[in-house]
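One structure is given here, and the rest of the page talks about it.
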């Protein structure tokens, strides 16, 4: 994926990883559109930056995504890169019957959202030069956190979906997976300053260096996430499940 001269759409671009990536890519000379539910957050992310734009998007609505795609392409017909970053993480208790609203919302946002948005834009993207789709998954796609089972499952599903997309679109659209480790963002309460999590700026520094590699790796993996990504291949999956969950419990004070 080229790192300059793109028109990029980044979902969940009002905060956290999405906002940081949007600003870094904008610094490189790309036109960047950030999308998300909270217009105020999007406008704060683009404040003072020419050629950076904000459009409201509710990724939970199939009809809303189709309408968004029409508005996006009317305003920015040069879009050639889609970054599916919007996501949510909810804590769930699996040991007793419960309300599944959080699980269902997580599936809608994290799995159906990027599938629907990619579907709405794929014909356009396939006709653009230097087209790319970047799907943001998680290290938890490869080793599960016991307290966020549906989140893990959606990210594992997006990993598999991304592999299929990459092969199906080879020669037409470059498909890249970005799998973050635990990063200091607002994804869950208190996470911005959680000890042992990777500071956001350090994470994005490493990510941007990896995007600059030619050719772009099919998986953007910072060093910290390789502990999870390679656990099964290295024959230490079971012990890594234990280690991961002990680390998160200690870091979050549970």
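If a/c stays under 1.5 just call it rounded; otherwise compare a/b with b/c (prolate if a/b is bigger, oblate if not). Do that for segment 171-254, with a ≥ b ≥ c from the square roots of the Cα gyration tensor eigenvalues. Don't skip to the end; give the middle numbers.
Numbers: a/c = 2.62, a/b = 1.40, b/c = 1.86.
Verdict is oblate for segment 171-254.
Compute the convex hull volume of the Cα atoms of segment 57-162, divide it by the residue count, and report the result per residue in Å³ as a whole number. Don't jump to the answer; show the numbers that get you there.
Numbers: hull volume 9.6 nm³, N = 106.
So the per-residue Cα hull volume is 91 Å³.
How much of the DSSP beta bridge set in the chain is antiparallel, as a percent to the nearest 5? Present the calculation step by step, with values, prior to reporting the outcome.
On the way: 0 of 25 bridges.
Here the antiparallel bridges make up roughly 0 percent for the chain.
On C-alpha positions alone, give me the angle between the axis of helix 62-75 and the longest principal axis of the chain, in degrees, nearest 10.
So the inclination is approximately 40 degrees.
Could you rank the peptides 139-151, 31-43 by their average count of other C-beta atoms within 10 Å per residue, with the highest value first? Spell out each step's value before the answer.
Values: 139-151: 21.7, 31-43: 19.8.
Descending packing order for the listed peptides: 139-151, 31-43.
Subtract the Cα-Cα distance of residue 96 and residue 56 from 0.36 nm times their separation in residues, and report this length gain in nm to one decimal.
Values: separation 40, 0.36 × 40 = 14.40 nm, distance 3.72 nm.
Going from the current span to full extension adds 10.7 nm.
Determine the distance separating the Cα centre of segment 10-42 from the Cα centre of segment 101-127; give it in Å without decimals.
Spelled out, the Cα-based centre of one part sits 18 Å from the other.
Expressed as a fraction of 2.2 N^0.38 Å, the rule-of-thumb size for a compact globular protein of N residues, what is the C-alpha radius of gyration of segment 7-252? Each step should come with its number before you reach the end.
Numbers: Rg = 17.5 Å, N = 246, 2.2 N^0.38 = 17.8 Å.
In units of the globular-protein estimate, segment 7-252 measures up at 0.98.
Identify the residues of segment 160-175 with backbone N under 17 Å of a label point that sits 7 angstrom from the Cα of residue 237 along the Cα-to-Cβ direction, or state none.
Under 17 Å, as judged by backbone N against the label point of residue 237, lie 160-161 of segment 160-175.
Once every DSSP H run of n ≥ 4 in the chain is given -39500 (n - 2.57) and the sum is divided by its residues, what mean residue ellipticity at 222 nm do you get, rounded to the nearest 500 deg cm²/dmol? Before the final figure, lay out the partial values.
On the way: 9 runs with 107 residues, N = 254.
The helix-only estimate for the chain comes to -13000 deg cm²/dmol at 222 nm.
For the chain, take the longest principal axis of its alpha carbons; what is the angle in degrees between that and the long axis of helix 237-252, to the nearest 10 within 0 to 90?
Helix 237-252 sits roughly 80 degrees off the main axis of the chain.
Taking the 0 to 90 degree range and rounding to the nearest ten, how far is the long axis of helix 200-211 tilted relative to the main principal axis of the chain, both from C-alpha atoms?
60
We did not get these values from a lab; they are worked out from the coordinates using the rules stated. Quantities reported herein were computed from a predicted structural model and do not represent experimental measurements. So basically every Cβ, Gly included, is an ideal-geometry build from the backbone, and we count neighbours across all protein chains shown.
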